[in-house]
Amino acid sequence: MDRQAVANQLRETARSAVETVIAVFTVLRAYISARLTPVVGDERGEIASWVVVTALVIVAAIAIVGIVVTKLTTTANNIQTP
């Protein structure tokens, strides 16, 4: 084989490899896009879940404040004055 034939064969092999890599990335991108579309694209019900989480945090905060106030009041009432 002469140099020109080897160069042409290398170019063809490189082109084939690049086309294979492009095809793999295209399929991978389509797969990831298809998997993420329901997660990212569909936001129905998100407000309701955030309302529930916020309500639970507020209830927990009120309970903690109530416990702390009760403990402080009990401790303050138990202080002996001379």
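Some observations on this one:
- One residue from ALA7, ALA61 being assigned to a helix (DSSP H, G or I) and at pLDDT 85 or above: ALA61
- For region 68-82, the set of residues classified as surrounded by 10 or more Cβ atoms within 10 Å (Cβ to Cβ) and β-branched (Val, Ile, Thr) consists of VAL68, VAL69, THR70, THR73, listed by residue number.
The values are calculated or read from the model by the stated rules, or taken from the named source; none is laboratory data. Please read all numbers here as calculations on a predicted model, not as lab measurements. Every residue, glycine as well, gets a Cβ built from its backbone with ideal geometry; the counts of neighbours run over all protein chains shown.
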